[in-house]
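Undergrad: Input: one structure, supplied below.
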There are 6 protein chains.
Amino acid sequence: MFLLIIFTLSFLFSSYNALDFCVGDLSAPQGPAGYSCKKTEEVTVKDFVFSGLRVAGNTSNHSKVTITPAFSTQFPGVNGLGISVARVDFSVDGRGLMHTHPEATEVLIVIQGTLCAGFISSTNKVYLTSLHEGDVMVFPQGLMHFLINVGKSSALAFASYSSTSPGIYFMDYAWFANDMSTDILQKTTFLDHDQIKKLKGVLGGTN
Amino acid sequence: MFLLIIFTLSFLFSSYNALDFCVGDLSAPQGPAGYSCKKTEEVTVKDFVFSGLRVAGNTSNHSKVTITPAFSTQFPGVNGLGISVARVDFSVDGRGLMHTHPEATEVLIVIQGTLCAGFISSTNKVYLTSLHEGDVMVFPQGLMHFLINVGKSSALAFASYSSTSPGIYFMDYAWFANDMSTDILQKTTFLDHDQIKKLKGVLGGTN
Amino acid sequence: MFLLIIFTLSFLFSSYNALDFCVGDLSAPQGPAGYSCKKTEEVTVKDFVFSGLRVAGNTSNHSKVTITPAFSTQFPGVNGLGISVARVDFSVDGRGLMHTHPEATEVLIVIQGTLCAGFISSTNKVYLTSLHEGDVMVFPQGLMHFLINVGKSSALAFASYSSTSPGIYFMDYAWFANDMSTDILQKTTFLDHDQIKKLKGVLGGTN
Amino acid sequence: MFLLIIFTLSFLFSSYNALDFCVGDLSAPQGPAGYSCKKTEEVTVKDFVFSGLRVAGNTSNHSKVTITPAFSTQFPGVNGLGISVARVDFSVDGRGLMHTHPEATEVLIVIQGTLCAGFISSTNKVYLTSLHEGDVMVFPQGLMHFLINVGKSSALAFASYSSTSPGIYFMDYAWFANDMSTDILQKTTFLDHDQIKKLKGVLGGTN
Amino acid sequence: MFLLIIFTLSFLFSSYNALDFCVGDLSAPQGPAGYSCKKTEEVTVKDFVFSGLRVAGNTSNHSKVTITPAFSTQFPGVNGLGISVARVDFSVDGRGLMHTHPEATEVLIVIQGTLCAGFISSTNKVYLTSLHEGDVMVFPQGLMHFLINVGKSSALAFASYSSTSPGIYFMDYAWFANDMSTDILQKTTFLDHDQIKKLKGVLGGTN
Amino acid sequence: MFLLIIFTLSFLFSSYNALDFCVGDLSAPQGPAGYSCKKTEEVTVKDFVFSGLRVAGNTSNHSKVTITPAFSTQFPGVNGLGISVARVDFSVDGRGLMHTHPEATEVLIVIQGTLCAGFISSTNKVYLTSLHEGDVMVFPQGLMHFLINVGKSSALAFASYSSTSPGIYFMDYAWFANDMSTDILQKTTFLDHDQIKKLKGVLGGTN
């Protein structure tokens, strides 16, 4: 009888082919819902693990902060599953510049250090606070937020997002680090001409 | 036999109570999916029509542009249906300042005039163009966009959104028209102290 | 230091590859969520603009109304973004025949003219009204609606939909403009045999 | 040690309060996502079972078919869970009249009898077939479909829907069983005046 | 004039290309939302009908129950439409073993026989009942449930699911019918070593 | 002119009332999409921060692991935003017992220690690995997974979930820690009578 059970099972399960997961095949077509799925028989446990967040990102940059993403492009195992994460490293005085995630809500988990954190609602209200080790804070989808290391040593946080491709969208870079015309920027923000020109210089923008 | 048909129908349809629509009851609890539904027997055709976009908005303001929303708060008939609209009026030289809709994609329909329009992707690329009467342009969810009336007369457009509560989120107002601290703004943007102070003065901000 | 900033940025942003948008590639596989995405590096601002609604549709047809769609097939820039639009032109006496959008709610924006508009709920209630320039009306998903130009001149409206592929589904054409058997139509509607035969003749149907 | 385990569990699980289900409370506010949830402590297994489909519906009506729904209004246990069912009884010659479900796809399961079944796509193509005991057929969301008992005895089918409130939307009743004006119907369909008047008489409509 | 109507229609409808359905092409890429769509011109009514549930499944197995699925892999017509079904056959004393559907809520329709049915919530409460012919019961997404034929003859039920790929996930098989290490099972369940070893023997597991 | 700007803004923004967030009001009706929203004017930054994960959970229990949730019930700021988190503490030899989250995918972030981790797919394949500090692993929705502290000291991880109410569903507790009948368990699992009775004793179950 045991043989019968086993036989029936093999037959049974081969025909189900459930879509438990859809590990992204980065070389196949991508659609609005994400990457195409890697064939299930080629999927291994390695697809579900990402080790790229083990080491601190290099914070030798202007803002002394680095965000290291584990989105579906870096970590195809989350493709189609509606969630992703990132590591955020802060040197002393590190500042996570004003940014949004156009496609996701973020929950930040503070692992080490003390942060000043805030976001601004679409009715222009500022929600500002201090975060300590073990605190979590939510930044609702699409709203500008920022983080400042206000402690005396480096800080570390992990962020999780309600999308596998949340985007990281820095306002300064979007305005000053490309070929956006100074004239248009002047007309569509309240910023002064000289300020725009100066920041285009700093961030490598043109026009 | 006709009587029988009619009788059966009455019985039949009273029991279905389909959720064809959910006109918002602004005085009842609101949840993540929108307002509570007005009772179906109290719903009339007036709930599905909004006349608040008939007349041009007042453009006697600094940017010479006014956005008049027909979101679920103004137009409860769209509650729960995933779509809303707004009217956008431009005086000569009117400028739709840099903004996002945190919760929605926008499709703009140009009714009158010539606009310079653009948006910036989260990889900082600028997509810039001119729009003429009858043109439609899509601004993907959460991305900063702007519009400038570059014609010689006033302009008019209608915008539709993939949400009943898209939000209208102006970067300048979010930064300068509230109590956001100048110190934090300076640390989390590349803006200069004097620029920030000046714009807080212009837009009524403090701190 | 400026060089360092720029270097860091290049590194930073090339690795994000956010799915801000998914311009439809009409030659690649299509899935339940829409068309496959065009490669980001091949996307230009032209993909986000559609000029096919600039001119009035030809209304020299029986109903004196033409709907010109800007759905994802005509306007691949909206692919995956949950919204699309159409232009609706009415000659004098033009009638937008009874139809549904199986996949979308519609919001109609009246640009010019006076329309009689209505829809019928699934509990068979008729919601009927007059619309004037600037009025907007919502037709909930899947419900039959109609529009009649009751003004003295031509009329113009734009419709936006809560789907990139809403469908336009005319009841008459679905019944009479194909090979649907007269016998089945007679059995599954209350229509008379002669009426069915006549309308099949008018609309080019067979059987 | 066993006591400790049990104590820990009580503590553990009381704090989770998972939203496994949301049995509809028909007397509390209803929102776009469905009814408010009955308190979990008042939910019993009876909320998850519906016995109203045990007996055949009365088919002594004109079309000799009755659809008995188990939607969220009749069967609040499915509220919020995205699925519902109905029982469909056919007498000899019974005809499931042309209808749509504005909010759902249907899968029909034939339990007894032989049916002629079909649907019409939004490109006006007819998909027509015969169904036998044990066959299942899918009717995509919002498309008109119909069923005819073509066997020699009564027939029985169950339908399942991809919504808890799919709606049942008969075209004839929507047109003729209410106060819809004959004039408007004539203008927005191809139907003749006499046909409309006759069917309003049959189905109890006015105007 | 009739010719004109027909001409206009041909032009009209060819350009819509609505996504009414997306019959799965099992040989093309699969994404998180399902299979790629078969070309509309190759779709026939056969794609929307599945006859594989006509005959009873073979219940000559240990549990005397067989579930025959009509998921998107077996029945590509439901691809993208959010619903699927299965047939469940019970011999006398047949037992539908403890299982979940990781991706779907199930509604069970009892066609013949008497079943003991139950599910367990994530707060560990058991919801247990008897089901008779015509009863329907809902098993909320992801919760373990079971069915026992407690009548004197064979039983038959149909299940519908709120997903086209619900998965069928038997706890016993997941634990004992593969290479899962006995040591790990012992550490992560309360089961005894001998019990695990015995059941691995029964179900063909190793390690 | 500055006064004018400010005046216009006040008028503008008071009328938008965007649904940027929906902080849960735990005393108001709950629907399928989550809790009702707290009034925006009563929301403060405290609603968006949760400090309950600062300290390690008490691991003096049988499995030497405690999961401390920050779901919408504990942390109402995430209500409606599709994401939540939890803290997982492991003593030496701590074991996260076999469980699922019926409503969510999980991404685990290892902060300290070395874990053996795995999950089982619905085709019964085991995906097993070792995780080190900084590794992240994804457990797809509804699939059983487990974690064992295989290092020499305590371990710490944070989990994020693609739902605000993911549920934590331990198989052992669902089977043995309630009034589930031994007879039914025996019939619907492969477990032996004595094993069931013993574990009911251990976990406080009856019947």
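The values are calculated or read from the model by the stated rules, or taken from the named source; none is laboratory data. Predicted model only: the values in this text are computed from it and were never measured. Note: ideal-geometry Cβ built from the backbone for every residue, glycine included; neighbour counts use all protein chains shown. Each accessible area value is taken on the protein alone, full model and side chains, heavy atoms only, with ligands, DNA and RNA left out. Shrake-Rupley method; radii C 1.70, N 1.55, O 1.52, S 1.80 Å.
Undergrad: Of the residues that make up the stretch D:46-68, is at least one among the small types (Gly, Ala, Ser) and not in a loop (DSSP other than H, G, I, E, B)? Step through it out loud before you land on a result.
TA: First, pick out the residues of the stretch D:46-68 that are among the small types (Gly, Ala, Ser): D:51-52, D:56-57, D:60, D:63.
Subset that is not in a loop (DSSP other than H, G, I, E, B): none.
No, the stretch D:46-68 contains no residue that is among the small types (Gly, Ala, Ser) and not in a loop (DSSP other than H, G, I, E, B).
Undergrad: Sticking with this structure for a sec: Across the stretch B:97-123, which residue is modelled with the lowest pLDDT among those that are open to solvent by 10 Å² or more (accessible area, probe 1.4 Å) and farther than 17 Å from B:Thr68 by Cα?
TA: Checking each candidate, the answer is B:Glu103.
Undergrad: So, of the residues in the stretch C:140-159 that are aliphatic (A, V, I, L, M) and facing chain D (nearest Cβ under 7 Å), which turns out to be nearest to C:Ala104 (Cα to Cα)?
TA: Kept after step one, since they are aliphatic (A, V, I, L, M), are these residues of the stretch C:140-159: C:143-144, C:147-148, C:150, C:155-157, C:159.
Next, from what is left, pick out any that are facing chain D (nearest Cβ under 7 Å): C:143-144, C:148.
Values: C:Leu143: 10, C:Met144: 12, C:Ile148: 21 Å.
Step by step, filter the stretch C:140-159, then rank; the result is C:Leu143.
Undergrad: If you check F:Gly204 against the conditions, is it touching a residue at least 24 places away in the same chain (Cβ under 8 Å), open to solvent by less than 20 Å² (accessible area, probe 1.4 Å) and at positive phi?
TA: Spelling it out, it is not the case that F:Gly204 is touching a residue at least 24 places away in the same chain (Cβ under 8 Å), open to solvent by less than 20 Å² (accessible area, probe 1.4 Å) and at positive phi.
Undergrad: Let me ask another. Look at B:Thr129 and say whether it is buried (at least 19 other Cβ atoms within 10 Å of the Cβ) and among the polar types (S, T, N, Q). Show your work before the answer.
TA: Details: buried (at least 19 other Cβ atoms within 10 Å of the Cβ): no; among the polar types (S, T, N, Q): yes.
For B:Thr129, the condition - buried (at least 19 other Cβ atoms within 10 Å of the Cβ) and among the polar types (S, T, N, Q) - is not met.
Undergrad: To continue, here is another question. Considering only the stretch F:36-61, how many residues are free of Cβ contacts under 8 Å to residues at least 40 places away in the same chain and farther than 13 Å from A:Val138 by Cα?
TA: In the first step, residues of the stretch F:36-61 are kept if they are free of Cβ contacts under 8 Å to residues at least 40 places away in the same chain; the result is F:36, F:38-52, F:54-55, F:57-58, F:60-61.
Filter once more, so that each one left must be farther than 13 Å from A:Val138 by Cα: F:36, F:38-43, F:52, F:54-55, F:57-58, F:60-61.
Adding up the residues that qualify gives 14.
Undergrad: Going by the conditions given, is A:Met137 away from chain B (no Cβ under 14 Å), hydrophobic (A, V, I, L, M, F, W, C) and closer than 17 Å to B:Ile184 by Cβ?
TA: Numbers: away from chain B (no Cβ under 14 Å): yes; hydrophobic (A, V, I, L, M, F, W, C): yes; closer than 17 Å to B:Ile184 by Cβ: yes.
Against the criterion (away from chain B (no Cβ under 14 Å), hydrophobic (A, V, I, L, M, F, W, C) and closer than 17 Å to B:Ile184 by Cβ), A:Met137 qualifies.
Undergrad: Name every residue in the stretch B:132-154 that is more than 23 Å from B:Met171 (Cα to Cα) and either within 16 Å of the chain's Cα centre (by Cα) or open to solvent by less than 10 Å² (accessible area, probe 1.4 Å) (or both), in order of residue number. Talk me through it step by step, then tell me what you get.
TA: Within the stretch B:132-154, the subset more than 23 Å from B:Met171 (Cα to Cα) is B:132-136, B:151-154.
Across the stretch B:132-154, the qualifying residues are B:Gly134, B:Asp135, B:Val136.
Undergrad: Let me spell it out: the conditions are (1) of a type in the set (A, V, I, L, M, F, W, C); (2) open to solvent by 10 Å² or more (accessible area, probe 1.4 Å); (3) closer than 22 Å to D:Ile120 by Cβ, and C:Leu81 meets all of them except one. Which number is the exception?
TA: Result: C:Leu81 passes all but (3).
Undergrad: Turning to a different aspect of this structure: Go through the stretch D:160-199 and give me each residue that's under 27 Å from the mean Cα position of the chain (by Cα), more than 14 Å from chain E (Cβ to nearest Cβ) and open to solvent by 10 Å² or more (accessible area, probe 1.4 Å).
TA: If the condition is that a residue be under 27 Å from the mean Cα position of the chain (by Cα), more than 14 Å from chain E (Cβ to nearest Cβ) and open to solvent by 10 Å² or more (accessible area, probe 1.4 Å), then D:Phe170, D:Tyr173, D:Ala177, D:Asn178, D:Asp179 are the ones that fit.
Undergrad: Continuing with the same structure: Return yes or no: is F:Gly94 surrounded by 17 or more Cβ atoms within 10 Å (Cβ to Cβ), on the phi > 0 side of the Ramachandran plot and more than 14 Å from the chain's Cα centre (by Cα)? Show your work before the answer.
TA: Numbers: surrounded by 17 or more Cβ atoms within 10 Å (Cβ to Cβ): yes; on the phi > 0 side of the Ramachandran plot: no; more than 14 Å from the chain's Cα centre (by Cα): yes.
Considered against the rule, which asks whether it is surrounded by 17 or more Cβ atoms within 10 Å (Cβ to Cβ), on the phi > 0 side of the Ramachandran plot and more than 14 Å from the chain's Cα centre (by Cα), F:Gly94 comes out as no.
Undergrad: Related question: Are there any pairs with C-beta distances below 7 angstrom linking a residue in the stretch E:158-173 that is among the acidic types (Asp, Glu) to a residue that is at pLDDT 95 or above and open to solvent by 10 Å² or more (accessible area, probe 1.4 Å), with the two at least 6 apart or on different chains, and if so which?
TA: Matching pairs, first to second residue: E:Asp172/F:Phe190.
Residues checked against (1) in contact with a helix residue (DSSP H, G or I) (Cβ under 8 Å, 6 or more places away or on another chain); (2) modelled with pLDDT of 95 or more; (3) over 27 Å from F:Ile148 (Cβ atoms); (4) open to solvent by 30 Å² or more (accessible area, probe 1.4 Å):
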{"site": "F:Met1", "(1), (2), (3), (4)": "no, no, yes, yes"}
{"site": "F:Ser15", "(1), (2), (3), (4)": "no, no, yes, yes"}
{"site": "F:Ala18", "(1), (2), (3), (4)": "no, no, yes, no"}
{"site": "F:Phe48", "(1), (2), (3), (4)": "yes, yes, yes, no"}
{"site": "F:Leu53", "(1), (2), (3), (4)": "no, yes, no, no"}
{"site": "F:Thr59", "(1), (2), (3), (4)": "no, no, no, no"}
{"site": "F:Ser63", "(1), (2), (3), (4)": "no, no, no, no"}
{"site": "F:Phe75", "(1), (2), (3), (4)": "no, yes, yes, no"}
{"site": "F:Val88", "(1), (2), (3), (4)": "no, yes, no, no"}
